[in-house]
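I have placed the structure first, in the form of structure tokens, so that the comments after it can refer back to it.
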Amino acid sequence: MTGAAGQVGTDLVPVLRRRHGQEAVIAAWHRGRLADEVAESGPAMELDVTDPAAFQDAVAANGITQVYHLATLLSAAGETDPDRAWTVNLGSLRTVLDIARRSTVERLFWPSSIAVFGPTSPRHGTPQETVLEPTTMYGVTKLAGEALCRYYALRFGIDVRSLRYPGLVSYSRFSGGGTTDYSVEMFLHALRTGSYRCFVREDTVLPLMFMEDALRATVELMTAPAAAITVRGSYNLTALSFTAGELAAAIARRVPGFSCTFEPDFRQAIADSWPATIDDSRARRDWGWRPRFDLDAMTDAMLEGVARLGAGA
Ligand code: AKB
């Protein structure tokens with residue numbers, strides 16, 4: 001797994017190690033720091049995914065059969081450094097797809113995002129196939145990446161699978177650089193200081209998902225029979241849509257005295273360009289996707305997790 005020090009990797013490595021064995025999952029990271037649980041529970045290596053030779057060597061030396069290629073710059077970080085977003089997000093995807101053509105790699109997971117949509121996509125019930133005109137470099141790389149995945153699947157038979165993750169809400173690792181970060185920061189600040197200055201408007205609605213649902217979706221997609229996978233770009237995936245104000249209210253009901261103010265910054269425009277609700281009926285039909293966490297269950301689990309782990313690393 002690349003990007004193993006990031007928000008998804010930190011939680012997905014332990015899940016995969018429980019399924020496949022501690023030694024079977026190599027946690028590769030480049031920036032940041034691996035979580036202790038990840039570093040201590042199995043093999044790890046430093047890997048710069050923008051170095052094709054190093055990536056190729058890592059796969060060959062370890063006889064890798066599946067790659068979870070999670071290394072990425074998120075939407076807000078991508079606007080700060082669009083060149084690097086292009087190289088990391090898209091260049092490294094092309095590298096790993098090429099590696100898969102000539103190696104032991106049998107299956108590849110690569111996350112896309114709701115960022116492939118833009119202001120011209122339908123905002124409600126956004127369908128699987130629709131207008132895709134993203135306005136961020138992150139969205140551009142995810143859209144081009146989906147096209148690459150589809151091409152490599154059709155042309156070379158690469159078994160690549162992908163999900164358009166909504167904003168993911170989790171407590172093990174706050175990685176930063178995203179537009180949906182407010183949905184995690186709100187919990188951290190509620191328990192640390194009792195107040196939060198939210199960088200999007202109170203009425204901002206985005207599709208969000210508790211990490212446990214996202215991990216299960218990832219494993220379900222990766223273990224589905226190849227014949228069931230009818231989308232080789234990336235599947236729409238959704239669980240919940242709620243406003244920033246509704247999230248603040250759900251936290252305030254549980255954290256007495258919590259107060260939230262709303263002061264939009266440049267990330268508001270990114271949030272406004274993304275859908276409010278998503279139609280994920282293809283994922284439901286093809287491999288049986290069903291989310292489990294609603295807003296109340298997620299809020300309870302987040303407050304418990306943030307309190308236990310000291311407000312997330
Ligand atoms: C971001 O906000 O950039 C990500 C995403 C929705 O892909 N969380």
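A compact table of results
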{"read-out": "Residue list for region 112-131, filter: surrounded by 18 or more Cβ atoms within 10 Å (Cβ to Cβ) and among the hydrophobic types (A, V, I, L, M, F, W, C)", "value": "114, 115, 116, 117"}
{"read-out": "Failed item, numbered, when residue 19 is tested on (1) without any contact (Cβ under 8 Å) to a residue 40 or more places away in the chain; (2) exposed (fewer than 13 other Cβ atoms within 10 Å of the Cβ)", "value": "(1)"}
{"read-out": "Some residue of region 145-160 being among the hydrophobic types (A, V, I, L, M, F, W, C), under 16 Å from the mean Cα position of the chain (by Cα) and open to solvent by 10 Å² or more (accessible area, probe 1.4 Å)", "value": "no"}
{"read-out": "Subset of region 71-109 (residues that are within 13 Å of the ligand (Cβ to nearest atom) and either surrounded by 15 or more Cβ atoms within 10 Å (Cβ to Cβ) or among the hydrophobic types (A, V, I, L, M, F, W, C) (or both))", "value": "72, 73, 74, 75, 76, 77, 78, 79, 85, 89"}
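Yes/no per residue for (1) within 19 Å of residue 145 (Cα to Cα); (2) touching a residue at least 60 places away in the same chain (Cβ under 8 Å); (3) within 16 Å of the chain's Cα centre (by Cα):
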{"residue": "15", "(1), (2), (3)": "no, yes, yes"}
{"residue": "36", "(1), (2), (3)": "no, no, no"}
{"residue": "78", "(1), (2), (3)": "yes, yes, yes"}
{"residue": "101", "(1), (2), (3)": "yes, no, no"}
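The values are calculated or read from the model by the stated rules, or taken from the named source; none is laboratory data. Predicted, not measured: the structure shown is a model, and the values here were computed from it. Cβ coordinates were reconstructed from backbone atoms using ideal geometry, including for glycine residues, and neighbour counts include every protein chain displayed. In case anyone asks, the SASA skips ligands and DNA or RNA and just uses the protein heavy atoms, side chains included. Shrake-Rupley method; radii C 1.70, N 1.55, O 1.52, S 1.80 Å.
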